[in-house]
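Inspection log for the structure reproduced underneath, given as structure tokens.
The values are calculated or read from the model by the stated rules, or taken from the named source; none is laboratory data. Small disclaimer: the values here were computed from a predicted structure and weren't measured. Glycine gets a Cβ as well: all are built from the backbone with ideal geometry, and neighbour counts include every protein chain shown. We work out accessible area using only protein heavy atoms, side chains counted, and drop any ligands, DNA or RNA first. Shrake-Rupley method; radii C 1.70, N 1.55, O 1.52, S 1.80 Å.
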Amino acid sequence: SDPELVWVSRLTVLSVAAIALFLAMNPDSSVLDLVSYAWAGFGAAFGPAFLLSLFWKRMTREGALAGIVTGGLTVLIWKQLDGGLFAIYEILPGFLFSIMAIVLFSRVGKPPAPEISEEFDSLAIADGKDKREDAPSPPEQ
């Protein structure tokens with residue numbers, strides 16, 4: 001029933017809040033480190049694939065998958081290593097290695113299908129002018 005659902009929801013929120021409060025009161029808590037590590041993994045895995053898919057029409061599915069795997073694995077491995085160069089926040093090498101994997105696998109493999117390239121070109125905006133055929137005309141001056 002609805003009243004029971006409301007009470008279960010309230011108790012769940014209170015339970016999560018109590019756990020968060022307990023973790024926050026512990027000075028040795030590594031919640032910030034854990035969140036930082038998680039965002040490094042997401043950023044290194046998906047960031048380059050997302051950005052290159054918007055700005056580079058030669059990127060392929062294989063390149064994107066290689067970049068996602070490379071970025072994620074780089075963060076996982078980098079975090080386990082200590083000292084010197086490995087003191088760098090793991091998103092930076094993960095991001096760079098992901099870009100390199102995307103470019104390498106996209107260049108080595110087959111280029112994207114002509115339909116994909118045409119779609120990319122139809123949405124491209126260059127010199128401040130929208131190249132889409134259905135784009136509205138700029139106002140006359």
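Does at least one position in the stretch 32-40 carry a residue that is within 13 Å of the chain's Cα centre (by Cα), in a helix (DSSP H, G or I), closer than 30 Å to D121 by Cα and modelled with pLDDT of 90 or more?
Residues of the stretch 32-40 within 13 Å of the chain's Cα centre (by Cα): 38-40.
Filter once more, so that each one left must be in a helix (DSSP H, G or I): 38-40.
Adding the requirement that they be closer than 30 Å to D121 by Cα leaves none.
No, the stretch 32-40 has no match at all.
Looking only at the stretch 61-112, filter to residues that are among the basic types (K, R) and open to solvent by 90 Å² or more (accessible area, probe 1.4 Å); which one of those is nearest to L34 (Cα to Cα)?
Within the stretch 61-112, the first condition is being among the basic types (K, R), and the residues that meet it are 61, 79, 107, 110.
Narrowing further to those that are open to solvent by 90 Å² or more (accessible area, probe 1.4 Å): 61, 107, 110.
Details: R61: 30, R107: 35, K110: 39 Å.
Across the stretch 61-112, the extreme among qualifying residues is R61.
List every residue pair whose Cβ atoms sit under 6 Å apart, with the two residues 6 or more apart in sequence or on different chains, where the first one lies in the stretch 58-82 and is within 21 Å of I116 (Cβ to Cβ) and modelled with pLDDT of 95 or more and the second, anywhere, is polar (S, T, N, Q) and assigned to a helix (DSSP H, G or I).
Partner pairs satisfying both residue conditions: G63/S106; G67/S98.
Among the listed residues A44, A24, A17, which satisfies the condition of being of a type in the set (A, V, I, L, M, F, W, C), part of a helix (DSSP H, G or I) and over 30 Å from W78 (Cβ atoms)?
Details: A44 fails: over 30 Å from W78 (Cβ atoms); A24 fails: over 30 Å from W78 (Cβ atoms).
Only one candidate qualifies: A17.
With of a type in the set (A, V, I, L, M, F, W, C), farther than 30 Å from Q80 by Cα and surrounded by 10 or more Cβ atoms within 10 Å (Cβ to Cβ) as the only criterion, which of A18, A38, A24 stands out? Lay out the reasoning, then the answer.
Values: A38 fails: farther than 30 Å from Q80 by Cα; A24 fails: farther than 30 Å from Q80 by Cα.
One residue alone meets the criteria, A18.
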